[in-house]
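Participant: If you scroll down you'll find the structure; I have some questions about it.
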2 protein chains.
Amino acid sequence: MERPDTLEYSVQGFSSYVTNCGIKDTTLDLGVVYSHVPAAGAAIFTKNQFVGEPIKIGRKHNENGIFQALVVNSKNANVATGEDGYKKAMAICSKVATELSIDVTSVLPSSTGVIGHPLPFEKVVSALDSLSENLNEQADFADFAKSIMTTDTFPKFVSAKIGDAVLVGVAKGSGMIEPNMATMLSYFFTDAKISSEKLDGFLRKAANKTFNRLSVDTDTSTSDTLAIFANGLAGEVDEELFYTTLEELCTKLTRMLARDGEGATKLFLVDVNGAANDSEAEKIGRSIVNSPLVKTMIYKGDPNWGRVWMAVGKTTDVRLDESKFSLAWGADGAITKKDSSEVLTRYLQGNEEIILKVNIGVGEGSSRFYGCDLTEGYVKINAYYTT
Amino acid sequence: MERPDTLEYSVQGFSSYVTNCGIKDTTLDLGVVYSHVPAAGAAIFTKNQFVGEPIKIGRKHNENGIFQALVVNSKNANVATGEDGYKKAMAICSKVATELSIDVTSVLPSSTGVIGHPLPFEKVVSALDSLSENLNEQADFADFAKSIMTTDTFPKFVSAKIGDAVLVGVAKGSGMIEPNMATMLSYFFTDAKISSEKLDGFLRKAANKTFNRLSVDTDTSTSDTLAIFANGLAGEVDEELFYTTLEELCTKLTRMLARDGEGATKLFLVDVNGAANDSEAEKIGRSIVNSPLVKTMIYKGDPNWGRVWMAVGKTTDVRLDESKFSLAWGADGAITKKDSSEVLTRYLQGNEEIILKVNIGVGEGSSRFYGCDLTEGYVKINAYYTT
């Protein structure tokens, strides 16, 4: 299972605070992470053209390459709220900066939840009174991960050691997930010393191989944010190792996000090989992982593999040759068309992680995609009430 | 409601035959339409790159611009069946040609149903024995429409008079519907006299404004076919009137297909206006009508219009200006953001046909799209057994 238990490693120089400020109900809805010293930072934001008001501020504050605090509320996305929403997001940043005596441009704000409702920002601002006294000396990232959840069924966090340093990552997201340059909300914190330029490059590269290969429902959030804070307290680390570890942790979080897709019962991995190039492999992988007919087939284990055939063929702008195309199932690709549909049914119904391998047979391009099944649960979560 | 009752007008010079030949169960699974004289013809086929074997034959037979018979089986798509599937489809065409004493290149074949299963073509061929004796003198298109159904819940047919001539259209399709140049299967029959070149142009123009603006589930069928037979027995007609009528009937069938989308309870119409151009309006309309979060909101009438905002914004390759964007609901666009969510809920829950109007506010481009809601029914139909 992808569900994390406790955070294995702790990272020095970060404090946190989480609370319920009553935006919608009595569950955690506000979280702050504070770096004891200004941290080198980098961030990637949604490509949705209608972005949340906090995203507009985050883009500006990201320009300096320095972050010192992160403030996130759930239950309200502060999107489609115009000038008023922007002012509210700025007021929250200012409050955090004042309380922590830091530069307001080093505060990264995020909001996630319903779109188009005015943010009850007075509740947020008053919950931030005496913030510096309320902070945990040692950040509790498992708790922080809880405070940013919406329809997630479990908090998502990971950690790893890199030499003397530690890298921690948290993420939230369950629906409205086809990240375009980042996942819904994901943050990394490290005490490694590393420049914001390096962080920016590493973050983009890792996101392209992980979060950007994830789709729950083809819907790109207005609030997607992926950011990293590096406070340098543990000194320099091997940068290659740092990148490799970052990509590994991004992969783990991506798997958690897919596995916890709204209503999902299965993690669905698609490996595309033999495409004309990597970019065509991506198009094919995305088409398969997003096909409602393939996703429903994964759900109950209907061995109707012709739907994969359809989903590959409907990518009209890639090179395909029907006579060279093949598909197989399982980590080792042992189940093929030659097997009876009973064998495939048994595999599909007997596993929580389904791996599909398609070989296009026309070149060297490859790509891995992350998705989930489509169930009545997805419809229930999204049809009956405003999430 | 979109469900048709009886066919209003009958068209001269066509005979039909429908039967159950036992491909899967005991419902109708084979239909033939025969034109008493060679008819001018035109057809458009799927853009899916992995096409059904009958499509390969249909494309060849379409080159002459002459059709005299149509043979369609349901319950098996004859897709991903290779050389063997092609030979079987050809054998069926030859059988029809022999039985009716017509040229084999004037036979248009179609198959629809499960992908990747060998077609039990002996059953089809023996059901075609003595075909000419078994034909109804006057084609029964309502029955024919039944014989080509798969997961459709009702047969789809329309008719209209054009001067002294009549135009009849039938269609099938419920899932795997985001037609790219045609719907799943749709056929028109007329006794008007009109050249195949004209028919071809008319068919493409009408399809682009109707079937190509329809999406049930983003999945483009491997078997999409739209064809027209014009046997000329009623003589020439006003061509402008012919085109207008053809487009009207295509619109009616498109509405039926959307309304009968797998599991659908509502018809969802999206009017995009004020886009930079028509092509950008199409991208926006397609994004809205395909968004699972918008589709689930339509289902139970959750007034969460922020999801429309998201679905417009996620089209990254169109010109948008958040401050000029607006949306409204209802045929007259009377329900706007100014109304309470109770008003919107009442509209969404109280109507079987939901109309959304978005105004992009940056130009003159417009487009209408046809879709449906996403329900647990869609998941049920597609997850639990091979359809």
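Participant: When each copy gets a label point 7 Å from Cα toward the beta-carbon at B:Asp278, what are the spacings between them in nm, shortest first?
Facilitator: Relative to the other copies, B:Asp278 has label-point distances of 4.0 nm.
Participant: Okay, next question. For A:Asn277 and A:Asn136, FRET efficiency with R0 = 56 Å and r from the beta-carbon atoms, rounded to 0.05? Show your work: numbers first, answer last.
Facilitator: On the way: r = 48 Å, r/R0 = 0.86.
Efficiency computed from Cβ-Cβ geometry: 0.70.
Participant: Using a simple charge model, +1 on the beta-carbon of Lys and Arg, -1 on the beta-carbon of Asp and Glu, nothing else, what dipole does the protein assembly as shown show about its Cα centre, in debye to the nearest 20?
Facilitator: Numbers: 78 positive and 100 negative charges, 15 e Å.
The calculation lands at about 60 debye.
Participant: Among A:Thr190, A:Thr98, A:Thr112, which one shows the highest mean-square fluctuation when chain A is modelled as a Gaussian network with alpha-carbon springs under 10 Å?
Facilitator: Answer for the Gaussian network model of chain A: A:Thr98.
Participant: Evaluate the distance, in nm, between pseudo-label points positioned 7 Å from the Cα of A:Asp103 and of A:Glu122 along their respective Cα→Cβ axes.
Facilitator: 3.4
Participant: Only four residue types carry charge here, +1 at the Cβ of Lys and Arg and -1 at the Cβ of Asp and Glu. Report the dipole size of the stretch A:21-141 about the Cα centre in Debye, rounded to the nearest 20. Kindly include the intermediate steps, with their values, before the conclusion.
Facilitator: On the way: 10 positive and 13 negative charges, 100 e Å.
Magnitude of the dipole: close to 480 debye.
Participant: Accessible area lost on pairing A with B, both sides, 1.4 Å probe, Å² to nearest 100? Mind showing how you got there, number by number?
Facilitator: Working: alone 15580 and 15580 Å², together 26590 Å².
Approximately 4600 Å² gets buried when A meets B.
Participant: Same structure, new question: Looking only at the stretch A:133-168, which residues have a backbone nitrogen under 13 Å from a spot 7 Å from the Cα of A:His36 in the C-beta direction?
Facilitator: A:136-139
Participant: Excluding A:Ser130 itself, calculate the net charge of residues whose Cβ lies under 12 Å from the Cβ of A:Ser130, where each Lys or Arg counts +1 and each Asp or Glu counts -1. List each step's numbers first, then the result.
Facilitator: On the way: positive: A:Lys95; negative: A:Glu99, A:Asp129, A:Glu133.
Result for the neighbourhood of A:Ser130: -2.
Participant: Can you give the angle from 0 to 90° between the axis of helix B:341-350 and the longest principal axis of chain B, with both taken from C-alpha atoms, to the nearest 10?
Facilitator: Its long axis makes an angle of about 20 degrees.
Participant: Okay, next question. If you find the alpha carbon centre of the stretch B:95-170 and of the stretch B:199-215, how far apart are they in angstrom?
Facilitator: One Cα centre to the other: 22 Å.
Participant: Also: Label position 7 Å from Cα toward Cβ: report the copy-to-copy distances for B:Lys198 in nm, one decimal, ordered from shortest.
Facilitator: From this label point to the equivalent ones elsewhere in the assembly: 7.4 nm.
Participant: Give me the extension gain from B:Asp25 to B:Lys87: residue separation times 0.36 nm, minus the current Cα-Cα distance, reported in nm with one decimal.
Facilitator: Numbers: separation 62, 0.36 × 62 = 22.32 nm, distance 2.39 nm.
Taking B:Asp25 through B:Lys87 to full extension adds about 19.9 nm, to one decimal.
Participant: Which distances, in nm and shortest first, link the B:Ser323 label point to the same label point in every other copy, taking 7 Å along Cα→Cβ?
Facilitator: The answer, with the shortest distance listed first, is 6.0 nm.
Participant: Name the residue, out of A:Ser35, A:Ser341, A:Ser16, whose mean-square fluctuation peaks in a Gaussian network model built on chain A with Cα pairs under 10 Å.
Facilitator: A:Ser341
Participant: Another one. Say R0 is 25 Å: what FRET efficiency, to the nearest 0.05, do A:Tyr384 and A:Asp5 get from their beta-carbon distance? Spell out each step's value before the answer.
Facilitator: Numbers: r = 32 Å, r/R0 = 1.26.
FRET efficiency, A:Tyr384 to A:Asp5: 0.20.
Participant: Same structure again: Ordering A:Lys198, B:Lys338, B:Lys56 by accessible area with a probe of 1.4 Å, largest first, what comes out? Before the final figure, lay out each step's value.
Facilitator: Numbers: A:Lys198 85, B:Lys338 190, B:Lys56 65 Å².
Descending accessible area places them as B:Lys338, A:Lys198, B:Lys56.
Participant: Nearest 0.05, what FRET efficiency do A:Asp332 and A:Glu364 give at R0 = 25 Å with Cβ-Cβ as r?
Facilitator: 0.75
Participant: Using the heavy atoms of the protein chains alone and a 1.4 angstrom probe, what is the accessible area of the stretch A:255-354 per residue in square angstrom?
Facilitator: Values: 3520 Å² over 100 residues.
On a per-residue basis, 35 Å².
Participant: Kindly identify the stretch A:1-95 as rounded, prolate or oblate by the Cα gyration tensor criterion: order the square roots of the eigenvalues as a ≥ b ≥ c, call it rounded if a/c is under 1.5, otherwise compare a/b with b/c, prolate if a/b is larger, else oblate. Provide the component values of the computation, followed by the final result.
Facilitator: Numbers: a/c = 1.60, a/b = 1.21, b/c = 1.32.
It is oblate, given that a/c is not under 1.5 and a/b is not larger than b/c.
Participant: I need to check one value: relative contact order of chain A, counting alpha carbon pairs closer than 8 Å and at least 6 residues apart, in percent.
Facilitator: Numbers: 978 pairs, mean separation 68.9, N = 387.
Dividing the mean separation by the residue count of chain A yields 18 percent.
Participant: Report Rg(Cα)/(2.2 N^0.38 Å) for the protein assembly as shown, keeping two decimals. Kindly include the intermediate steps, with their values, before the conclusion.
Facilitator: Working: Rg = 28.5 Å, N = 774, 2.2 N^0.38 = 27.6 Å.
Here the answer is 1.03, to two decimals.
Participant: Closest beta-carbon to the B-to-A rotation axis: which chain B residue owns it, and what is the separation in whole Å?
Facilitator: It is B:Glu376, 2, counting Cβ atoms only.
Participant: Let me know the Rg and Dmax you get for the stretch A:187-334 when you use only its Cα atoms, in Å.
Facilitator: 18.2, 57
Participant: Can you tell me the accessible area per residue over the stretch B:54-128, all protein chains present, probe 1.4 angstrom, in square angstrom?
Facilitator: On a per-residue basis, the stretch B:54-128 sits at 35 Å².
Participant: P(r) of the stretch A:230-300 in 5 Å steps, Cα pairs, percent per bin?
Facilitator: Final binned percentages: 3, 13, 15, 18, 17, 13, 8, 7, 5, 2, 0.
Participant: Count charges around A:Trp309 for me, please; just the other residues with Cβ under 11 Å from its Cβ, Lys/Arg as +1, Asp/Glu as -1. Please list the in-between numbers first.
Facilitator: Values: positive: A:Arg307, A:Lys314, A:Lys337; negative: A:Glu322.
Net charge in that neighbourhood comes out at +2.
Participant: Only Lys, Arg, Asp and Glu count, each charged at its Cβ (+1, +1, -1, -1), so figure out the dipole size of the stretch A:189-346 about its Cα centre, rounded to 20 debye. Don't skip to the answer; put the middle values down first.
Facilitator: On the way: 21 positive and 25 negative charges, 136 e Å.
With Lys and Arg at +1 and Asp and Glu at -1, about 660 debye.
Participant: In degrees, nearest 10, range 0 to 90: what is the angle between the Cα axis of helix A:278-290 and the longest Cα principal axis of chain A?
Facilitator: Value to nearest ten degrees: 90.
The values are calculated or read from the model by the stated rules, or taken from the named source; none is laboratory data. Since we're looking at a predicted model, the values are computed, not measured. With ideal geometry, Cβ positions are generated from the backbone for all residues, glycine too; neighbour counts draw on all protein chains shown. These area figures cover heavy atoms from the full protein model, side chains too; ligands, DNA and RNA do not enter into them. Shrake-Rupley method; radii C 1.70, N 1.55, O 1.52, S 1.80 Å.
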